[in-house]
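I have placed the structure first, in the form of structure tokens, so that the comments after it can refer back to it.
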Amino acid sequence: MDLEKFTDRAKGSGAPPGEIVPTIRLYGTRECAEAYAIRDFLHRSDVPFEWVELKTDEEARREAMVAGLDDDRLPVCVFSDGVRLERPTVRQITEKLGWFRNPSRTEYDLAIYGAGPAGLSAAVYGASEGLATVLIERSAVGGQASASPKIENYLGFPKGISGAELAERAREQAEHFGAEILLNREGVRGEFPPGKGIGHLADGTKIVARASVIATGVAYRTLGLPEEERFRGAGLYYGVGASEALSCSNDRVVIVGGGNSAGQGALHFARYGAHVTMVVREATLKNTMSEYLIGRIVATPQIEVLLRTEIAALYGDRALRAVTLRNVQSGEQQDLETGWLFVCIGGVPHTEWAADVGMARDEGGYLVTGLDLLRNGHRPLCWTLDRDPYNLETNIPGVFAAGDVRHGSIKRCASAVGEGAMAIASVHRYLMGIS
């Protein structure tokens, strides 16, 4: 990121005008999951940082001024103004960057949960059309899209754009129109009395709004293997892990999945010199991946694609060292040494809370909206209004869903953006009806 863009980001992120957001030097070991969580957050947030991997006790004492690699003060973040944070949380880093803020209102017109493409779009359109809008995000702006190294099929960007940059532009746009963005805030409970939505956040904050948009997206699906949690962030990563590309140079990288995100990740790592093995359960990529990505993967000699294959086991010590591959037809197995495993096999919707408030979900946990709520032309039993649910409205009046979290959604960035805009049209209809 150049200095001008860096300064512009500071102006739009809660820092005083003209102040440059400090760069960060991050010290730690590759086996440290906390260090990866910080790298991932900074990369997805488009924050420039330097990762200093400590490999010996001597390096740890010299570079990070700790006792050794096992020092529980690692990882260490050092900011350009000299501030040093030992074993910081992502929230502490957010606070240091000046991005953590409290709600400015006791009540909003619109509360949006989830700052992926759908949530950001809803924030832009809601705020630009005069609604007092707050956007709540549990992690980094952009959701899973912010981890994508390059989005090439998004309208208006013929040369492609990174997910982090696209999310950053959308964030600037939403804040330009007056939307408030609350980062590192996670909703844990909701109440929906008539004409209001009350979101209870994990830190005790309460968000009250006349209408709500649920755009919480999906969580990465896991492999379901023993030892999986042990290696999370220490050789095993969910999503394409674009923050790790430089560290993977000349190494063997394994990517599980046959969708567009897996294909984009494979090409990204190959550009940095990694040797990439794609592990795909299906017999072909054509059912799950865009044709332009397939053509590029076939033409890239550093990428091999193993079809009808799955990961059967994980091995390592403090970090992942090898995996076992299994052919799903023959059952034949082979071991492959790797310290880099990226899992891109779809997701599970963030809707655990929905059952507690009686919000309708399908068998996969996705929120059901609009006409899909009708059964043989009849409205849901709990529906109390003398009208059908609006487009993208859930079975709770005034609560809408957009993006990947919604039943029947198309899992594409452009579709999520479109649904975010469509949700605001329905929000306006709802608010006019209760005013």
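With the structure loaded, tell me whether A140 is assigned to a helix (DSSP H, G or I) and surrounded by 18 or more Cβ atoms within 10 Å (Cβ to Cβ) or whether it fails that test. Give the derivation first.
Values: assigned to a helix (DSSP H, G or I): no; surrounded by 18 or more Cβ atoms within 10 Å (Cβ to Cβ): yes.
No.
Does at least one position in region 307-314 carry a residue that is touching a helix residue (DSSP H, G or I) at 6+ places or on another chain (Cβ under 9 Å) and closer than 30 Å to M278 by Cα?
If we filter region 307-314 for residues that are touching a helix residue (DSSP H, G or I) at 6+ places or on another chain (Cβ under 9 Å), which is where we start, we get 314.
Applying the additional criterion that residues be closer than 30 Å to M278 by Cα yields 314.
Yes - at least one qualifying residue is present in region 307-314.
All but one of (1) touching a Phe, Trp or Tyr at 6+ places or on another chain (Cβ under 9 Å); (2) assigned by TED's automatic domain parsing to the domain that holds G420; (3) among the hydrophobic types (A, V, I, L, M, F, W, C) hold for L120, so report the exception by its number.
The failed condition is (1).
Residues in region 173-187 that are out of contact with any strand residue (DSSP E or B) (no Cβ under 6 Å at 6 or more places or on another chain) and surrounded by 15 or more Cβ atoms within 10 Å (Cβ to Cβ): how many? Quick ask: steps written out before the conclusion?
From region 173-187, those out of contact with any strand residue (DSSP E or B) (no Cβ under 6 Å at 6 or more places or on another chain) are 173-178, 183-184, 186; that's our starting set.
This time we only want the ones that are surrounded by 15 or more Cβ atoms within 10 Å (Cβ to Cβ), so: 173-175, 177, 183-184.
Qualifying residue count for the region: 6.
So, S261, is that one closer than 14 Å to G347 by Cα and either hydroxyl-bearing (S, T, Y) or in a helix (DSSP H, G or I) (or both) or not? Explain how you work it out, then say what you get.
Numbers: closer than 14 Å to G347 by Cα: yes; either hydroxyl-bearing (S, T, Y) or in a helix (DSSP H, G or I) (or both): yes.
The answer is yes for S261.
For every residue, the table says whether it meets (1) farther than 28 Å from H268 by Cα; (2) within 19 Å of the chain's Cα centre (by Cα).
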position	(1), (2)
L135	yes, yes
A145	no, yes
I151	no, yes
G163	no, yes
A167	no, yes
H176	yes, no
G187	yes, yes
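Assess whether T284 counts as being part of a strand (DSSP E or B), assigned by TED's automatic domain parsing to the domain that holds G339 and farther than 22 Å from E53 by Cα.
Numbers: part of a strand (DSSP E or B): no; assigned by TED's automatic domain parsing to the domain that holds G339: yes; farther than 22 Å from E53 by Cα: yes.
No.
If the requirement is being surrounded by 12 or more Cβ atoms within 10 Å (Cβ to Cβ), without any contact (Cβ under 8 Å) to a residue 40 or more places away in the chain and at positive phi, which of these qualifies: G370, G377, G346? Reasoning before the result, please.
Working: G377 fails: surrounded by 12 or more Cβ atoms within 10 Å (Cβ to Cβ); G346 fails: without any contact (Cβ under 8 Å) to a residue 40 or more places away in the chain.
Every option except G370 fails the conditions.
Within region 213-240, work out how many residues are farther than 18 Å from A322 by Cα, in contact with a Phe, Trp or Tyr (Cβ under 9 Å, 6 or more places away or on another chain) and assigned to a loop (DSSP other than H, G, I, E, B).
5
Hey, any hits in region 350-365 for a residue that's among the acidic types (D, E) and more than 27 Å from P226 (Cα to Cα)? Write out each step before concluding.
Step one: list which residues in region 350-365 are among the acidic types (D, E), which gives 352, 356, 362-363.
Narrowing the set further to residues that are more than 27 Å from P226 (Cα to Cα) leaves 356, 362.
Yes, region 350-365 contains at least one residue that is among the acidic types (D, E) and more than 27 Å from P226 (Cα to Cα).
Could you check L120 against (1) crowded, with 23+ Cβ neighbours inside 10 Å; (2) in contact with an Asp or Glu (Cβ under 8 Å, 6 or more places away or on another chain) and say which number it fails?
(2)
For (1) surrounded by 19 or more Cβ atoms within 10 Å (Cβ to Cβ); (2) in the same structural domain as D317 (by TED's automatic domain parsing); (3) not in a strand (DSSP E or B), each residue gets a yes or a no:
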| residue | (1), (2), (3) |
| --- | --- |
| Q329 | no, yes, yes |
| T384 | no, no, yes |
| I396 | yes, no, yes |
| D404 | yes, no, yes |
| G408 | no, no, yes |
| S415 | no, no, yes |
| A421 | no, no, yes |
| Y430 | yes, no, yes |
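Please go through region 143-172 and give me each residue that is surrounded by fewer than 18 Cβ atoms within 10 Å (Cβ to Cβ), part of a helix (DSSP H, G or I) and free of Cβ contacts under 8 Å to residues at least 60 places away in the same chain, ordered by number.
R169
Report whether or not L74 is more than 28 Å from D203 (Cβ to Cβ), of a type in the set (A, V, I, L, M, F, W, C), buried (at least 18 other Cβ atoms within 10 Å of the Cβ) and modelled with pLDDT of 95 or more.
Working: more than 28 Å from D203 (Cβ to Cβ): no; of a type in the set (A, V, I, L, M, F, W, C): yes; buried (at least 18 other Cβ atoms within 10 Å of the Cβ): yes; modelled with pLDDT of 95 or more: yes.
No; evaluated as a whole, the condition is false for this residue.
The values are calculated or read from the model by the stated rules, or taken from the named source; none is laboratory data. Since the structure is predicted, the reported quantities are computational estimates derived from the model, not experimental observations. All Cβ positions, glycine included, derive from the backbone under ideal geometry; neighbour counts span all protein chains shown.
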